[in-house]
Structures are given as structure tokens and as C-alpha cells.
Amino acid sequence: MTYEEILTKYEPVVGLETHVELGTRTKMFCGCKTDFGAEPNTQTCPVCLALPGALPVMNRAAIAATIQIGLALNCDIAEWCRMARKNYFYPDMPKNFQTSQYDEPLCVEGYVDVVVDGKEYRIGIERVHIEEDTGKTLHVGGATGRIHGATESLVDYNRAGIPLVEIVTKPVPGLGSLAPEIAKAYVAELRDIVRALGVSDVRMEQGSMRCDVNTSLNLPGEEWGTRTETKNVNSLRSVERAVRSEIIRQAAILDDGGKIFQETRHFQETTGDTRSGRSKETATDYRYFPEPDLVPIAPAPEWVAELKAALPEKPSVKRARLREDWGISEVDMQSVANAGAVELIEETIAAGSSAAGARKWWMGELARRANELDVDLAAVGATPAQVAALQKLVDAGKLNDKLARQVLEGVVAGEGDPAEVMASRGLEVVNDTGALTKAVDEAIAANPEIAAKIRDGKVAAAGALVGAVMKTTRGQADAKAVRDLLLERLGVS
Amino acid sequence: MTDLTRLSAASLAAKIASKEVSAVEVTTAHLDRIAAVDPRVHAFLHVDREGALDAARKVDAGEITGPLAGVPIAVKDVVTTKGVPTTAASKILEGWKPPYDATIVERLKKAGMPILGKTNMDEFAMGSSTEYSAYGATNNPWDLGRIPGGSGGGSAAALAAYEAPLAIGTDTGGSIRQPGAVTGTVGAKPTYGGTSRYGLIAFSSSLDTPGPCGRTVEDTALLHSVMAGYDPRDSTSINQPVPDVIKAAQLGKNGDLSGVKLGVVKEFAGDGSEPGVLSAFKDSLEALVKLGAEIVEVSCPNFQYALPAYYLIAPSEASSNLARFDGVRYGLREGDNGSHSLEEVMSLTREGGFGPEVKRRIIIGTYALSSGYYDAYYGQAQKVRTLITRDFQSAFEQVDVLVSPTTPFVAFPFGSRTSDPYQMYLADLFTIPTNLYGGPAISVPCGLSEGLPVGFQIMAPTMADDRMYRVAAALESAVGSFTPPEL
Ligand SMILES: [Zn+2]
């Protein structure tokens with residue numbers, strides 16, 4: 001069955017659980033720093049190492065950020081709620097319980113609207129809650145870097161206790177064959193919303209935003225099917241691929257008369273499909289109970305109102321504004337948004353590029369490249385500053401379109417900024433008139449018949465000579481300048 | 001020369017302040033006493049001779065002054081002390097040296113109190129006799145063949161054996177008061193949140209309360225004032241001024257209780273107690289009436305459910321609190337010989353590191369929190385907790401404090417209650433309701449039963465710790481103190 005055939009037979013139901021690591025200066029329950037990439041175990045203390053006797057104290061900034069996320073997702077904010085302990089043993093979780101929220105989340109009942117193919121879809125938000133991150137385990141020795149065969153397991157607790165916000169959608173039925181695109185568009189929208197709040201850098205490639213995707217299939221008119229939870233979905237593109245591949249996988253099983261098991265699956269970046277995780281996990285009883293070491297969270301209504309008043313412009317409103325500024329259509333703007341390119345283009349313009357230039361590079365050459373590399377646009381290897389610099393070189397006539405593409409290729413390949421790539425690859429436009437005049441004169445001399453036609457007023461014939469000049473200058477000349485010079489030398493201009 | 005170990009903390013502090021004796025002399029006297037008698041008493045798990053003397057020297061050098069400067073103290077081994085072994089009397093923490101001081105220890109140090117060492121207890125504060133210490137029981141100085149109470153039997157015994165003039169205890173269901181009662185010493189459980197839990201190795205977070213232990217009510221009040229007060233590192237700490245317990249103790253010492261209404265808890269004044277305990281309790285009530293107090297009988301019908309509720313809430317929290325002891329980061333690690341997986345190492349460590357009572361409570365708590373059982377057990381226990389709190393609140397509308405015997409029976413012989421956990425749990429029958437409510441309570445010696453001490457418990461409303469000190473000091477002045485036989 002093709003994907004389209006599957007979707008004429010089955011209806012998918014999709015749900016997403018997204019974790020956003022907050023960018024607070026300090027951890028959730030202690031004063032440790034949260035800098036990314038620090039030496040292992042240098043950002044730890046008795047609290048986040050769970051030394052005997054240590055106690056947590058709530059980070060007010062993390063609560064504020066969670067409330068703001070909730071408000072931006074149109075949620076109700078709880079007047080009173082508690083943290084809960086989620087109990088399970090895992091070596092990178094120092095307390096062997098995660099301080100999280102269970103039946104009393106801080107934010108409930110919200111929604112996000114996304115537009116795909118010109119149609120708006122409302123994704124319901126069930127809850128937004130606050131919890132803490134775990135450490136990271138590294139298995140050393142053995143061939144695979146995995147736990148099997150490893151001789152040592154090392155744990156870095158720098159990440160343990162960093163505040164995480166979990167955003168859980170309601171199950172979304174009725175999306176049909178667009179389910180993968182809509183899931184991706186939702187995550188892109190969520191990312192833009194959170195980024196606009198400035199509470200997280202929401203970088204999927206660095207793990208500060210992570211997605212779990214729930215997928216099930218059912219026959220029309222029947223109950224929802226058994227869902228699987230796909231973890232390890234670490235890019236916008238992977239969200240789409242994970243939903244699609246899970247739909248295809250489940251449909252094949254169902255068509256064979258098989259059963260879908262409720263299980264955790266892991267997305268494979270390399271193959272684009274999902275693999276079964278430990279099915280044992282479904283049997284885990286987390287023994288949730290209210291966290292006795294922390295007092296309840298009871299945000300004052302005035303404080304919530306204050307946080308609400310401080311909310312930034314909504315990404316959808318901002319997009320409407322940018323669309324005006326950039327002078328593009330609604331459809332074009334939506335494809336910019338769904339490609340995750342709004343901020344990139346915005347920053348490129350801020351760095352000095354024209355709007356058209358910025359959009360052209362990000363949505364053209366770089367989008368193509370990201371697709372080839374199978375990465376998100378933001379991770380393609382070029383920064384907004386570099387793209388702006390490139391466009392400025394084009395505007396100054398130092399690069400033509402063809403050369404600019406080659407320079408960009410060098411930038412993406414990590415060869416440096418555009419100016420550096422241009423110099424090292426020797427790609428500058430030839431605009432030294434002496435050299436150009438020589439090339440033009442040579443072309444005239446080599447093609448006397450064409451030159452005669454032009455002199456007779458058949459200016460259209462100039463194209464052939466321009467081409468000849470471009471050839472001898474290996475494309476590094478500016479075509480317009482060549483043409484002007486040619487006509488001048490032939491006394492036509 | 002006076003035996004310095006026989007003096008109260010208040011008089012030692014006065015003598016040190018007036019330079020009549022030095023802090024080093026006082027500390028040395030107690031360290032010598034420990035060396036002489038602790039082999040028989042076994043109140044200490046670790047003695048920090050050098051640390052204590054260093055602290056004493058600082059006081060003698062005039063670096064620190066204060067109401068208890070230079071007065072040495074023993075600290076229950078469940079409280080972290082920087083660089084000094086802290087085991088909670090468990091094999092799983094054998095040799096662990098915390099890199100940080102508990103807030104209350106910081107306060108002791110700031111007050112210039114030399115810390116003599118760490119006292120024995122039931123493992124992770126789970127027990128009423130110290131028989132569940134992984135390092136052997138403490139013997140009651142009144143009769144070395146009997147239990148000193150628990151879990152804080154080491155701290156109480158150290159006081160009764162004159163090894164320390166003051167001690168720190170922790171009270172989750174009676175672990176300060178019941179040992180105080182059976183050793184003839186004073187033990188106070190402050191209002192929950194009145195003393196910081198930061199650095200107290202958690203047993204049951206919503207119940208654990210560090211508190212002062214002494215031989216006199218005044219000494220206990222002095223220590224209470226040093227250790228209590230708001231701590232931003234403990235989220236459940238109360239940000240309010242500490243009640244003036246010293247003034248209250250002085251007021252009570254004057255022996256005037258006119259206008260004070262004592263509520264006798266009907267449910268705790270009858271059959272449950274040994275006859276000798278009941279008669280000492282009744283004699284004490286009469287003594288208090290003579291001082292002007294009014295006795296009112298109060299019914300607290302839900303107190304009868306306190307014990308079962310406690311034995312669901314405390315183990316539930318403990319099952320989670322003790323999960324961190326897995327051999328990964330500190331303490332014991334078993335099975336790490338290359339032939340076991342990480343999960344197996346964690347499991348073997350816990351199997352080998354925890355004693356039987358700790359395992360029993362972890363299993364009970366794990367069960368009580370399990371899905372499908374939560375509502376029936378943990379959820380139901382929380383409802384009982386609310387009802388008990390209401391009993392206290394309505395009682396305190398009628399009376400100033402509630403009174404009862406501290407524990408139904410005097411110190412029992414070793415081994416007499418270990419075979420049946422319920423018999424052991426009964427030791428805390430009268431002390432547990434207060435923990436569920438969160439209010440303060442104190443045990444003060446009130447008489448002897450067949451030569452063994454009996455404790456009188458006074459319970460007060462939350463953040464009214466001063467009330468219980470006033471009554472306790474009055475009772476103490478009326479009945480006198482009780483001295484154990486020479487060791
Ligand atoms: Zn920390």
C-alpha cells in the first residue's frame with residue numbers, strides 16, 4: 001500500500017509531548033549554573049546530586065517561564081498545584097525519582113492554531129507542567145558505546161535538575177494524510193512561541209527541545225487504535241518522518257491482521273523509521289505522590305496578570321507583520337514558517353540583507369541543502385550573519401548569482417565566512433576594466449560577423465559575445481558590465 | 001573540683017562566659033567521660049575529639065560568644081556534619097563524610113558549641129529502641145539491659161550518662177520524646193517547619209522535625225533557640241520569629257500555672273499504658289493543679305487512627321526518600337566486580353546495605369503508593385491526617401495545651417519487642433498524632449515506675465512552642481529531676 005492508499009483506509013490520531021529545557025540561569029531546585037557544554041559534573045551541588053539530607057527549593061524564574069508558556073498557549077493557570085514525585089530507578093536520576101507534576105499541572109486546557117496548505121488546524125493542549133531534567137550516562141569501553149559490552153558507565157550530572165517544561169497535546173484525530181505535516185507545523189509553531197517568550201533557546205539539535213510522538217490508526221467509525229510512543233525525535237523534519245513511518249508501519253501490521261502493542265519506540269535518524277524500545281517500560285508503576293519537600297505552587301492572580309501583560313507579540317501576529325514588511329504572499333509566509341525560517345530570515349535582514357535576498361537564500365539554496373543533509377534549516381551550517389554578508393557581496397557587485405551559490409556552498413562546508421570563502425576559492429567577479437576590455441576586444445576580434453551585426457543595430461546578437469566573454473573569464477565577470485562594455489566598444493551605446 | 005559533666009548546660013555556659021572554666025576543660029571532661037563510659041553505653045557511633053576541641057579553643061580565644069558558647073553537644077547521626085562521618089546508623093552509608101553541614105549544625109557551630117560526636121539511632125530513624133542500628137544497640141544508662149528508646153536512643157542515653165549536656169535529635173513519630181521519656185531526660189519536638197530539615201537525612205519529609213534534647217527544660221529551651229528559625233534552603237521552613245521558649249521556661253520555673261488550661265486526652269489516659277506510667281502521669285496532673293493549672297478532659301476521637309495512618313504515610317515517603325541510596329554516587333556499593341549489570345549493582349547494594357526494619361518500611365511504602373492501592377492506603381491516610389489536625393484544632397479552642405504520658409511503657413528489655421513490629425510501633429502511640437498535625441510537643445520526666453523513668457508529654461498548637469516549655473518547666477520544678485544509678 002502506498003502512503004496515500006493507507007490514508008484512504010485508516011484514520012490516524014496523533015499526540016505530541018514536547019519537553020522544553022528552560023534557559024533559566026540556575027537549576028530548578030538549587031543554585032547551580034545551567035551553562036551548556038561545561039566540564040562534566042562541574043555544575044553540581046548536594047541538592048542536584050541528591051546527597052543525603054539535601055533539599056530542593058523552587059526556582060521562581062522557572063515557574064514564571066512555565067506560566068508564560070501556558071499563557072502563550074491559551075491555557076488556564078492553576079491557582080494552586082503541587083509538584084509530585086515520579087519514582088523509578090535510573091542511574092542518571094540522582095534521587096531515583098523525578099520531581100515533576102502529576103494530576104495537578106500548572107497550566108491546563110489550551111490550544112495552538114497551525115496552518116498547513118492554507119488550512120487552519122487547532123491543536124488542543126491538555127497540560128503544561130514543570131519538572132526537572134536528568135543527568136546523562138555515558139558508557140565507556142566495548143565496541144558500541146552502548147551499555148552492552150561497556151566496561152564503565154559514567155554519569156554527568158550537570159544537566160540533572162535543569163528545569164524542563166512538558167507540553168502535552170490532546171490526541172488529535174481527523175488530520176488524514178496531512179498528519180505528519182501538521183505535527184511538524186505544530187512543533188515549529190510551539191518552538192516559535194517559546195522562542196518569542198525568550199525562556200528557552202529551543203534548539204532541537206542541542207536537545208533543549210525534544211519531542212515524543214504518539215501515533216495510532218483506526219478504521220473510520222471505529223474506536224481509536226492502540227497508540228505507540230516514539231521517542232528520540234530530535235528535529236522538525238524527524239517529527240514529520242516519525243509520524244509518517246509509524247503510520248506506514250502500523251498500517252502494514254493491521255493489514256496483516258496483526259495487533260499494535262502499546263510500547264515505546266525510538267526514532268532512527270539514519271533510516272527514518274522507528275524501532276521498538278523496552279516494552280517493559282509500559283509496566284512501570286511510577287508511584288506518584290505529592291512532593292512533601294516543596295510547598296504548593298499558588299501563583300498570585302496579580303503575578304499571573306503581570307506575566308500575561310508582559311507576553312511578547314504572538315508569532316502568528318508577528319508573521320502577519322513580517323509578511324507586510326517583506327511583501328510576500330500568505331502562502332509564501334506559511335512555507336517560510338513551516339520551514340522554520342522566520343527567525344533566520346528576520347535575523348538575516350537585521351544583519352543587513354534585503355528581505356528578498358534573505359528569503360531567496362534560506363528558502364532556496366539552503367533549504368535544498370538542509371534537505372540533502374537531512375537536518376533542520378537552523379542546523380544547515382550557515383548563520384544569518386553569513387547569509388547577510390553574502391547578499392551584501394552580491395549587492396556590491398562582487399559576486400554574481402552563480403558565484404554566490406559557490407561561496408554559500410563553501411560557507412555551509414565550514415570554510416569560513418563568505419569573504420573568506422570568496423578569497424580562498426578565488427571567486428570574485430572580475431570588474432577590473434582593463435582585463436575586461438581585453439577580453440571584450442578579443443571576443444569582438446574572434447567573431448567579426450556577430451560584431452558587424454551588432455554595429456548594424458542588431459543589439460540582440462550581443463548575447464553571444466557576452467557569453468564568449470563570460471567563458472573566457474570563467475564566469476567571474478558581471479554579465480551586465482560585460483554587455484555594457486561590449487556595446488560601448490562597438491560604438492552602439 | 002566539681003564534675004563538669006554533672007552540670008546543666010546553662011551553668012556550664014555561665015562558668016565558661018565568666019572564665020571560671022574554659023570551653024576546652026568542659027569539652028575535655030565530656031570527651032573523657034565518653035571514653036570512660038561509652039564502651040558500656042554505646043551512645044556514640046563516632047567521636048570527633050579534635051573537631052570538638054578546635055571549636056572549644058575558638059570560644060576560649062574569644063572568637064565566639066553567645067548563650068551556649070563552649071557548651072559541647074552530641075548530634076544524632078542522621079544530621080550531616082561536614083567532614084565527619086554521617087551514617088544514619090546504616091551500613092549503606094558506612095564511612096560517608098558529607099561535604100556540607102546541616103543548617104542546624106551550622107547554627108551550632110556559629111553558636112560556638114563543640115560537637116562531641118555522632119549518636120547512635122535506629123537505622124534511618126526507623127525504630128523505637130536503637131535495636132535496628134546497623135552498629136549495635138545503645139544501652140539505657142538506667143539499666144544497661146534495657147532499650148534507651150528510639151530512634152534517638154543515642155542522644156538520650158548520652159545525656160542520661162552525662163556524656164553530653166545537650167544533644168540534637170530528630171522526631172518523625174516520637175524519636176526525640178520517647179527516648180527522652182525512657183531515659184529520664186527532656187526532649188522537644190518543635191513545630192514542623194520551625195527547625196530546618198536541610199541536612200537531615202530524610203525518613204519522612206512531611207513529618208521529620210529536628211529538635212533539642214537536654215537534661216533540664218531550661219537547657220532544652222536554650223538549645224531550641226540556637227537551632228530554630230527560618231532557613232531559605234528548606235522550602236517547608238516557616239518564615240516567622242521563633243517563639244520565646246527561654247522566657248516561657250523561666251516563667252514556668254517560677255511555678256505559677258494559674259489560668260493555664262491543660263487538656264487531658266481522654267483516649268490516651270486509660271488502658272493503653274502500664275499502671276506505673278499511669279500513676280506517675282496522674283500524680284503529675286495533681287502537681288500541676290497545685291500550681292494553678294486547670295484540668296479539662298478533651299476527646300480526640302481520631303487519634304486512634306494515628307498509628308495506622310502514620311505507618312502508611314511515613315513508609316510511603318521513606319520508600320521514595322531512600323531510593324537515592326543505590327551505590328552510584330556515595331556510600332556502600334556491592335557487586336561491582338564486572339560480573340553484574342548496573343541495575344544488579346544497585347539492587348545488591350540496597351539488599352546488602354539496608355537492615356530488616358528499613359526494608360520492611362520500604363516495602364510497605366512501595367505497596368501503599370502503588371497504582372490501584374494509592375487511594376485505599378496513602379490517600380486514606382492523608383484524610384485521617386486531616387481529621388487528626390481538626391481534632392487538635394478543636395481541642396486547642398478549649399485548652400492551651402494537651403497532655404498525656406509520652407509513651408505507654410517504660411524502658412523495655414532488649415529483644416522483647418523486636419519479634420512483633422506492632423508491639424514496637426505501640427511505643428509511639430501517644431507521640432505520633434503530633435507529628436501528623438505538625439505541632440510542637442515536649443517530653444519531660446515526671447516520675448519513676450519500678451525504678452525506671454516515666455515521661456510526661458505536653459502538646460501545643462503550631463508555632464506556640466513556648467506554651468509547652470512553660471508547663472514543662474513548671475512540672476519539672478514540682479517533681480524534680482531523676483538521676484540514674486552510677487554506671
Ligand atoms: Zn545543584
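The values are calculated or read from the model by the stated rules, or taken from the named source; none is laboratory data. From a predicted model like this one, the values you see are computed outputs, not experimental measurements. Neighbour counts run over all protein chains shown; Cβ positions are idealised from the backbone, glycine included.
Tell me which residues, restricted to segment A:472-493, are closer than 14 Å to A:Ile444 by Cα and either of a type in the set (Lys, Arg) or assigned to a loop (DSSP other than H, G, I, E, B) (or both). If you could, list the steps in order and put the result at the bottom.
Residues of segment A:472-493 that are closer than 14 Å to A:Ile444 by Cα, as a first pass: A:472, A:482-492.
Scanning segment A:472-493 gives A:Arg483, A:Arg489, A:Leu490, A:Gly491, A:Val492.
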* Go through segment A:183-215 and give me each residue that's under 27 Å from A:Glu4 (Cβ atoms) and either under 12 Å from the mean Cα position of the chain (by Cα) or crowded, with 23+ Cβ neighbours inside 10 Å (or both). => A:Ala183, A:Lys184, A:Ala185, A:Tyr186, A:Val187, A:Ala188, A:Glu189, A:Cys211, A:Val213, A:Thr215
* Please tell me if B:Ser237 is more than 21 Å from B:Ala9 (Cα to Cα), in contact with a Phe, Trp or Tyr (Cβ under 6 Å, 6 or more places away or on another chain) and not in a strand (DSSP E or B). => yes
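Which members of segment B:369-387 meet the condition of being outside any helix (DSSP H, G or I), facing chain A (nearest Cβ under 9 Å) and out of contact with any strand residue (DSSP E or B) (no Cβ under 8 Å at 6 or more places or on another chain)?
Within segment B:369-387, B:Ser370, B:Ser371, B:Gly372 qualify.
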* For segment B:351-371, indicate whether the set of residues that are touching a residue at least 40 places away in the same chain (Cβ under 8 Å), more than 21 Å from B:Tyr192 (Cβ to Cβ) and among the charged types (D, E, K, R) is non-empty. => yes
* **Residue satisfying all of: in segment A:236-262; touching a strand residue (DSSP E or B) at 6+ places or on another chain (Cβ under 9 Å) and part of a loop (DSSP other than H, G, I, E, B); surrounded by the most Cβ atoms within 10 Å (Cβ to Cβ) among these** => A:Ile260
* Count - residues of segment A:45-55 that are more than 8 Å from the ligand (Cβ to nearest atom) and among the aliphatic types (A, V, I, L, M) -> 4
* Structure fact -> Of (1) facing chain A (nearest Cβ under 9 Å); (2) at positive phi, B:Tyr330 satisfies every one except (2)
* Could you run through segment B:311-327 and say how many residues are facing chain A (nearest Cβ under 8 Å) and on the phi > 0 side of the Ramachandran plot? => 0
* helices (runs of 4 or more DSSP H) lying entirely in segment A:335-431 (those with 1 or more residues that are in contact with a Phe, Trp or Tyr (Cβ under 6 Å, 6 or more places away or on another chain) and assigned by TED's automatic domain parsing to the domain that holds A:Glu324) -> A:342-350, A:355-361, A:384-395
* Out of the residues in segment A:68-120 that are closer than 30 Å to B:Glu343 by Cα and among the small types (Gly, Ala, Ser), which is nearest to the other protein chains (Cβ to nearest Cβ)? -> A:Ala84
* Say whether the condition of being of a type in the set (Ser, Thr, Tyr) and crowded, with 23+ Cβ neighbours inside 10 Å is met by at least one residue in segment B:287-304. => no
* **Odd one out for B:Gly174, checked against (1) closer than 21 Å to B:Thr130 by Cβ; (2) away from chain A (no Cβ under 14 Å); (3) outside any loop (DSSP other than H, G, I, E, B); (4) touching a helix residue (DSSP H, G or I) at 6+ places or on another chain (Cβ under 7 Å)** => (3)
* Asked: Does B:Pro39 satisfy the criteria of being in a loop (DSSP other than H, G, I, E, B) and either within 14 Å of chain A (Cβ to nearest Cβ) or not hydrophobic (A, V, I, L, M, F, W, C) (or both)?
  -> no
* Structure fact -> A:Ile125 vs (1) under 24 Å from A:Thr26 (Cα atoms); (2) touching a residue at least 40 places away in the same chain (Cβ under 8 Å); (3) in a strand (DSSP E or B): all pass except (1)
* To do: Answer yes or no as to whether B:Tyr437 is crowded, with 20+ Cβ neighbours inside 10 Å and hydroxyl-bearing (Ser, Thr, Tyr).
  => yes
* Structure fact -> So, first residue assigned to a strand (DSSP E or B) in segment B:43-72, second residue β-branched (Val, Ile, Thr) and surrounded by fewer than 23 Cβ atoms within 10 Å (Cβ to Cβ), Cβ within less than 8 Å, six or more apart or across chains; the pairs are B:His46/B:Val84
* **Members of segment A:1-44 found to be within 16 Å of the ligand (Cβ to nearest atom) and buried (at least 18 other Cβ atoms within 10 Å of the Cβ), listed by number** => A:Glu21, A:Leu22, A:Thr24, A:Lys27, A:Met28, A:Phe29, A:Cys30, A:Cys32, A:Thr34, A:Gln43, A:Thr44
